[in-house]
1. Which condition does Thr206 not pass, out of (1) outside the structural domain of Leu323 (by TED's automatic domain parsing); (2) in contact with a strand residue (DSSP E or B) (Cβ under 6 Å, 6 or more places away or on another chain), if it passes all the others?
2. Restricting to region 276-299, and then to whatever is of a type outside the set (S, T, N, Q) and surrounded by fewer than 18 Cβ atoms within 10 Å (Cβ to Cβ), can you tell me which residue is nearest to the chain's Cα centre (by Cα)?
3. Output the qualifying pairs, or none if there are none: Cβ atoms under 6 angstrom, residues six or more apart or on different chains, first residue in region 130-149 and at positive phi, second residue crowded, with 24+ Cβ neighbours inside 10 Å and in a loop (DSSP other than H, G, I, E, B).
4. Condition first: under 28 Å from Ser315 (Cβ atoms), under 40 Å from the mean Cα position of the chain (by Cα) and at pLDDT 95 or above. Can you find one or more residues in region 455-464 that meet it?
5. Going through region 397-420 one residue at a time, which ones are within 11 Å of Ile457 (Cα to Cα), small (Gly, Ala, Ser) and out of contact with any Gly (no Cβ under 7 Å at 6 or more places or on another chain)?
6. Does region 521-542 contain at least one residue that is of a type in the set (A, V, I, L, M, F, W, C), more than 26 Å from Gln376 (Cβ to Cβ), free of Cβ contacts under 8 Å to residues at least 60 places away in the same chain and out of contact with any Cys (no Cβ under 9 Å at 6 or more places or on another chain)?
7. Take region 385-411 and flag every residue that is in a strand (DSSP E or B) and free of Cβ contacts under 8 Å to residues at least 60 places away in the same chain.
8. Which residue is farthest from Ile152 (Cα to Cα), if the candidates are limited to region 71-128 and must be surrounded by fewer than 16 Cβ atoms within 10 Å (Cβ to Cβ) and charged (D, E, K, R)?
Amino acid sequence: MILKKFTSFFFSLWLLASPLFILCQELPTTKTFTPADTVRTVEILPGVRKLEYRKIDSVTEVQILAGNVRLRQGTSIFECDSCVITKRINLFEAFGNVHINDADTANVYADHLRYLTDKRVAYLDGNVKLTDGKGILTTPTLEYDVNTKVGIYRNGGRVVNKETILTSEEGFYYADLKDVYFKKKVRLKDPAYDLESDSLLYNTETETVRFIAETFIKDSSGRTIRTKEGFYDKRTGNAEFGQSPVITDKDIQVTGQTIKSDDSTGITQIFGRGIIIDTANKTTVLADTIFFNKKNESFLAFAKPLMIIEQDQDSIFVAADTLFSARLTDLYGIKDSIVKKDTLKGVKIVDTKTKDSTNRYFEAFRKVRIFSDSLQAVCDSLFYSFRDSVFRLYDEPVVWSNENQVTGDTILIFTKNKKADRMQVFKNSFIASLVKPEIFNQVKSIRMDAYFIDGNIDSVRARGAAECVYYIQDEDSAFTGINQSSSDLMDVYFKERDLQRVVFRTAVKGTIWPVQQKSPSEMRLQNFRWRDAERPKTKYEMFE
């Protein structure tokens, strides 16, 4: 056995150094040798110089070729400087400038090759390179199956396709499909983004990356993406991420069951209870479907949308059929640093051409509901500006503060430190306060201005055809009479969240009725409606 190994080593050394490389004669015709499978014939193509036939032992004979060696098996062409063919074990070994042209599907290059002619499997090492005409794989060692056109590397590999570079410890290169399956410590570098993963599929022709394991992506703008499945098409800029991916872009974090993104339009579509968290404005948006436009930082949310305006103790929840948010400067078309006031909404805009967390607004449409611990509201549409912190409620709005209900054609709620600070009610203004079941204190007028302390209603000024009905109580809360009066201007004061007294500022007309003479149903001002059934009772209702 030792003798055989020594003989084999000496023979290989002699093959590389022998002057017979230049002394051998050219083959006159094409020769063949046939392994055990007679169908898989290997042809020696013209132009090759044959060294000799050499017997290794009584049953093993090798054929030695050198100089412009070219072999063919089926549609595969093998080229090298020299080779040794061992017919008995269906093997040939090639040395120097090894090249496999596999039916023009793939080209493989290496310094050394061991090829099993019956199985049609090649084992290459030394400066190995495989290319399918699109990408180029380089690796120290490669196993290449000529039948399946699959190359396997297990000692680290690198694929370069134009400006994209992929590396991994292991990989499977499918030349026919132009797919590469990368495994273990996968790294992708591209001018547009960097990527890290444990496993990845990449197509060199379509330049499409498929995510099949936990993957981290960071693009040139600093946006990061974490996903477990999906794809990215570099040519079109389209991407899809699954299994609850997370996208973080500066102050914005986006997640959902599935996210689709189009870099060309800047549109990101979020499906399956999507969430957008804006840390700059301290807002969170949830919806089953969300469209987010990166270019103008706008979003449209529908299918059970909910916005949460975060506060330390009393966050504000806003739900509706549809939510939309964008930049105020885009709404008003401001390009330069100017001041502009909208006459309808009364919004003052200052564009400083810099990122400003207050340069935003949001709108809510249809079945709008608002909930905080201190205040609740419903309306048909809403506009909120982060610049002036004002909620504008339209179309039959109702606002509740403790046991007090405020209605009107339009209601503006001014907030300070994200709590109600004051409120303006325009046309058909009406406030009703529940005293006991079916018993209500009431004030109505054309216009009302309400003022809050610590988020609780403190006083209300009613102007223009003001009327009131309120129940007079003694220190023991016993009813002593009912005041029904009218005045052009009156102030209403609250104590411990309940209506305490009414002060008339102009000439007053009215009557104080004994409690026994009037039933609660008789003491109703015109247009009185107690709408408590519409009131959101808890924040958990907002998620329904």
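The values are calculated or read from the model by the stated rules, or taken from the named source; none is laboratory data. These numbers were taken from a predicted model, which means no experiment stands behind them. Every residue, glycine among them, receives a Cβ derived from its backbone with ideal geometry; neighbour counts consider all protein chains shown.
1. (2)
2. So, considering only residues that are of a type outside the set (S, T, N, Q) and surrounded by fewer than 18 Cβ atoms within 10 Å (Cβ to Cβ), the one nearest to the chain's Cα centre (by Cα) is Phe291.
3. Short answer, once both residue conditions are applied: Lys149/Ala175.
4. no
5. Ser401
6. Taking every residue of region 521-542 in turn, none turns out to be of a type in the set (A, V, I, L, M, F, W, C), more than 26 Å from Gln376 (Cβ to Cβ), free of Cβ contacts under 8 Å to residues at least 60 places away in the same chain and out of contact with any Cys (no Cβ under 9 Å at 6 or more places or on another chain).
7. Listed by number, the residues that qualify are Ser385, Val390, Phe391, Arg392, Leu393, Tyr394, Val399, Val406, Thr410, Ile411.
8. If we take residues in region 71-128 being surrounded by fewer than 16 Cβ atoms within 10 Å (Cβ to Cβ) and charged (D, E, K, R), then Arg88 is farthest from Ile152 (Cα to Cα).
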